[in-house]
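So the structure is just underneath, and the comments pick up after that.
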Amino acid sequence: MPVALLPEGGEQLGFIPGDIAALSGADWTWGVDTLASVGALLRRLHDTGAQFPVDNRVSWPRDLADPGASSAEAVVMCHNDPNMGNVVFREGIAVALIDFDLAAPGRPLWDVAMAARYWAVLADPPSAPTRLRVLADGYGVPTGERAGLPELVEQVTVTCRAFAEARVAAGDQAVLKSVAARGGWQRWDRLQTWLETHRQRFVDALCA
């Protein structure tokens, strides 16, 4: 739902018609055209956001924000949580992002790495290098930035784990159940090790 902030501090919610991949279960969810469209949608978000200066006086959410934003030459407004429940599709093509509660300024590539975690790595680890290439192509990641993307995916995974751990420590039962259903922290550790071990595979796929 798009949100309009009102002068009184309230919110006005709207509805975006379409499908959510996390709820669909349809074959198109895993298609390469769908994946490429997620990258293209992120690019449109960043290109649009780049036209507006970031207000550094705002206390942006830091939970999933880019830790390298303060030292980056150029930052844009990043969604920071483009998972399968936060992208709206029509006929298998990504058309909108929802739930901007974790949005904050960051490097564009940070948002691409966040998307890669959900749409490439967690979606299908065996084909993750190929899927990462499709996502990067859809976004239009410059040639000179591609080799650094796999390491950024690793950093994103560390950030997401810290976020989940904090939520569990705060008593968030939904996050606790989600972690348990997906193999617990041990699976998270195995994934982190797998990403680091196969980093060159990802680099080769991106730069081929």
Within region 187-208, which residues are surrounded by fewer than 18 Cβ atoms within 10 Å (Cβ to Cβ), touching a residue at least 60 places away in the same chain (Cβ under 8 Å) and part of a helix (DSSP H, G or I)?
-> Trp194, Arg201, Asp204, Cys207
Say whether the condition of being part of a loop (DSSP other than H, G, I, E, B), closer than 17 Å to Trp119 by Cα, at pLDDT below 90 and out of contact with any helix residue (DSSP H, G or I) (no Cβ under 9 Å at 6 or more places or on another chain) is met by at least one residue in region 87-100.
-> no
Looking only at region 139-147, decide whether some residue is buried (at least 22 other Cβ atoms within 10 Å of the Cβ), part of a helix (DSSP H, G or I) and over 12 Å from the mean Cα position of the chain (by Cα).
-> yes
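So that you can scan it fast, the table gives a plain yes or no per residue for (1) assigned to a loop (DSSP other than H, G, I, E, B); (2) touching a residue at least 60 places away in the same chain (Cβ under 8 Å):
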site: Ala40; (1), (2): no, yes
site: Thr48; (1), (2): no, no
site: Pro53; (1), (2): yes, no
site: Ser59; (1), (2): yes, no
site: Pro105; (1), (2): no, no
site: Ala113; (1), (2): no, no
Note on region 153-186: residues on the phi < 0 side of the Ramachandran plot, assigned to a helix (DSSP H, G or I), surrounded by fewer than 16 Cβ atoms within 10 Å (Cβ to Cβ) and of a type in the set (Gly, Ala, Ser) are Ala162, Ala166, Ala169, Ala174, Ser178, Ala180, Ala181
Filter result (under 11 Å from Asp81 (Cα atoms) and in contact with a His (Cβ under 8 Å, 6 or more places away or on another chain)) within region 104-121 | Asp111, Met114
Scan region 35-60 residue by residue and report those that are surrounded by 14 or more Cβ atoms within 10 Å (Cβ to Cβ) and more than 15 Å from the chain's Cα centre (by Cα).
-> Gly49, Ala50, Val54, Trp60
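The values are calculated or read from the model by the stated rules, or taken from the named source; none is laboratory data. Everything quoted here is computed from the prediction, not taken from an experiment. Cβ sites come from the backbone with ideal geometry, for glycine too, and all protein chains shown count toward neighbours.
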